[in-house]
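Data first, discussion second: the structure below is written as structure tokens.
The values are calculated or read from the model by the stated rules, or taken from the named source; none is laboratory data. Computed from a predicted model, the values in this text were never measured in an experiment. When we count neighbours, we look across all protein chains shown, and the Cβ atoms used for this are built from the backbone with ideal geometry, even at glycine. Each accessible area value is taken on the protein alone, full model and side chains, heavy atoms only, with ligands, DNA and RNA left out. Shrake-Rupley method; radii C 1.70, N 1.55, O 1.52, S 1.80 Å.
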Amino acid sequence: GKPKFYASFEGGSYDTYRETMGVGGSTKATNYSFSASRIDSAGFPWAPGGRLDNGYGNTTLSGRFGFRIFEKSKLGFVLRYNDSKTHQDDWNWLTAREEDDPNSTQKVKKFVFKTQFSQPLNAWWEQHLSLSFMSNDRDYRNPPDVLHPTAPNVVSWFDGVRKKVDWRHNFFLGKFNTLTAGFEYDEETAKTYYRSGSWISKLPEKKIDNRGYYFQDELQFGKRLFVTAGVRTDNRSSFGSDTTYKLSSAYLIKETGTKLKANWGTGFKAPSIYQLYSSYGNLNLKPEESESYDLGFEQRFLSDKVSLGTTYFHNSFKNLIDYDYSTSKYKNVGRARTEGIETTASLKWRDNLSMALNYTFMGTENEITNKELGRRPKHKGSLIFNYQPAERVKVNLVFNYVGTRWDDSANTREIAAYTTVNLAGSYQLNPNVEFFGRIENLFDKSYEEVKGYATAGLSLYTGVKVNF
């Protein structure tokens, strides 16, 4: 429709300010949207007990434009640019904790561009051709300072570029069957540099390309049984070819509000350019491989006012890539598994009051060492309340719980469990103006997500959004 503009401002704890603006609209032949945002924060010390704040700044620009070339043909463009700067503390390997550093910074610039052309060839065949480009530049600097006057001058950067072509075809064989087939070419180049004092490590520009061929069949029977089967073969210049599979299904029992579902699939993760070609690299690395499956159900009661769901999941991994400190090289190590149960429940008491509960129990094991995997809690859950006391007022209350977990693969450093509470609300003054606010970590809980890194305490943020 007609152009619509919006702008918002938010400010709060740790001298945090966020400004956002955008516009979107369409005509019969075009559609467009553009947005720009900026966030600045003085931050807080990452080092527990530290005194120096770690500030952050980020500018993001994004746009999307579409054109109707012929009656049913479409051409679209997507652009996104991100420029950020983060002040960082320094990691102390002796104490395994962060410590204050006044001039350690990392800058990141990312640019993404994509164009896609869609063309129906007839009533049962359509094609999509897309071209995409992404650049990722990281720059890290840490010169000597008053707290570390004898430390070496550290300079590090990474420049990466990724290009991709995807040609996809959809075949509609009646109302019950959709076939998808396509080809994808992906090319990645990167180079890195690291200097600490007089020691220098360089990775000259290297390239990896991948050719992928994929096929998928979606079937539905009587709007009750849904089955999707897929296969994909990738031929990567760094290790050869690999084929992965997936099979998904769902069955609806409409009379009782029941859904039964099951999924199975395989996957792989190829070693990165850095893991292969850097001075720490290993050209003999194999890709990480995985196999996963899950079984579950969803049940609705009382005209969809109550919903329950449970899913059992199992994942197994082999040829995991890890860093070997004895050889200063990357290597493939062992096997691992994760399995558990996810449970969800929701209740709508009245039109203006609802509740949702999520809980996950997960067991993990490194099958070589018989140790648990690091930073994976056995117990994790949330309780969410949504309340609308008046037509223009909304309130949201969230309890988050994360159980104990190990910080390291040797299971020697345990991270304590924690519970946080977040409160948010909004007031719609009129159709064009909305005031909003939130309190994060309402009870000022002191906790760690990663051992040795502090987290934000009680934080208050308020703002206003205007549409016109």
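A few points about this structure:
- Test: residue in the stretch 414-430 that is within 30 Å of Phe468 (Cα to Cα), among the β-branched types (Val, Ile, Thr) and in contact with a strand residue (DSSP E or B) (Cβ under 6 Å, 6 or more places away or on another chain): no
- If the condition is being modelled with pLDDT of 95 or more, surrounded by fewer than 15 Cβ atoms within 10 Å (Cβ to Cβ) and under 15 Å from Phe297 (Cβ atoms), then the stretch 243-255 contributes only Ile253.
- Against the numbered list (1) at pLDDT 95 or above; (2) open to solvent by 70 Å² or more (accessible area, probe 1.4 Å), Ala345 comes up short only at (2).
- For Tyr330, the stated conditions hold: it is in contact with a helix residue (DSSP H, G or I) (Cβ under 8 Å, 6 or more places away or on another chain) and hydroxyl-bearing (Ser, Thr, Tyr).
- Whichever residue in the stretch 405-457 is in a loop (DSSP other than H, G, I, E, B) and aliphatic (A, V, I, L, M) and, among such residues, is farthest from Asp15 (Cα to Cα): Ala410
- Subset tally (residues that are in contact (Cβ under 8 Å) with a residue 24 or more places away in the chain and within 30 Å of Asn92 (Cβ to Cβ)) for the stretch 396-439: 17
- Residue list for the stretch 390-422, filter: closer than 30 Å to Glu365 by Cα, touching a Lys or Arg at 6+ places or on another chain (Cβ under 9 Å) and among the polar types (S, T, N, Q): Asn400, Thr404, Ser409, Asn411, Thr419, Thr420
- Matching residues in the stretch 237-259 - criterion: being among the polar types (S, T, N, Q), part of a loop (DSSP other than H, G, I, E, B) and closer than 21 Å to Leu276 by Cβ: Ser237, Ser238
- Scanning the stretch 14-34 for residues that are out of contact with any Pro (no Cβ under 6 Å at 6 or more places or on another chain) and open to solvent by less than 30 Å² (accessible area, probe 1.4 Å) turns up Thr16, Gly22, Gly24.
- Evaluation of Gly50 against (1) buried (at least 16 other Cβ atoms within 10 Å of the Cβ); (2) part of a strand (DSSP E or B) (one fails), failing number: (2)
- Qualifying residues in the stretch 83-92 (those that are in contact with a Phe, Trp or Tyr (Cβ under 8 Å, 6 or more places away or on another chain) and open to solvent by less than 60 Å² (accessible area, probe 1.4 Å)) - the one nearest to Lys110 (Cα to Cα): Ser84
- Candidates Lys286, Lys269, filtered to the one that is closer than 28 Å to Glu367 by Cβ, of a type outside the set (Phe, Trp, Tyr) and buried (at least 16 other Cβ atoms within 10 Å of the Cβ): Lys286
- Residue in the stretch 393-404 that is in a loop (DSSP other than H, G, I, E, B) and surrounded by 16 or more Cβ atoms within 10 Å (Cβ to Cβ) present: yes
- Unmet requirement for Arg211, which otherwise passes all of (1) within 23 Å of Tyr140 (Cβ to Cβ); (2) open to solvent by 70 Å² or more (accessible area, probe 1.4 Å); (3) under 25 Å from the mean Cα position of the chain (by Cα): (1)
- Of the residues making up the stretch 239-286, those that are over 30 Å from Phe226 (Cβ atoms) and touching a Pro at 6+ places or on another chain (Cβ under 7 Å) are Phe239, Ala270, Pro271, Leu285.
- Complete set of residues in the stretch 409-439 that are among the β-branched types (Val, Ile, Thr) and open to solvent by less than 60 Å² (accessible area, probe 1.4 Å): Ile415, Thr420, Val421, Val433, Ile439
- Residue in the stretch 365-375 that is among the small types (Gly, Ala, Ser), surrounded by 16 or more Cβ atoms within 10 Å (Cβ to Cβ), in contact (Cβ under 8 Å) with a residue 24 or more places away in the chain and more than 30 Å from Glu339 (Cβ to Cβ) present: no
- Residue check for Gln116: surrounded by fewer than 16 Cβ atoms within 10 Å (Cβ to Cβ), of a type in the set (S, T, N, Q) and part of a strand (DSSP E or B): no
- Screening Gly334, Gly309 for residues that are open to solvent by less than 40 Å² (accessible area, probe 1.4 Å), within 22 Å of Ser272 (Cβ to Cβ) and in a strand (DSSP E or B) leaves exactly one candidate, Gly334.
- Unmet requirement for Ala262, which otherwise passes all of (1) open to solvent by less than 50 Å² (accessible area, probe 1.4 Å); (2) assigned to a strand (DSSP E or B); (3) at pLDDT below 95; (4) not polar (S, T, N, Q): (3)
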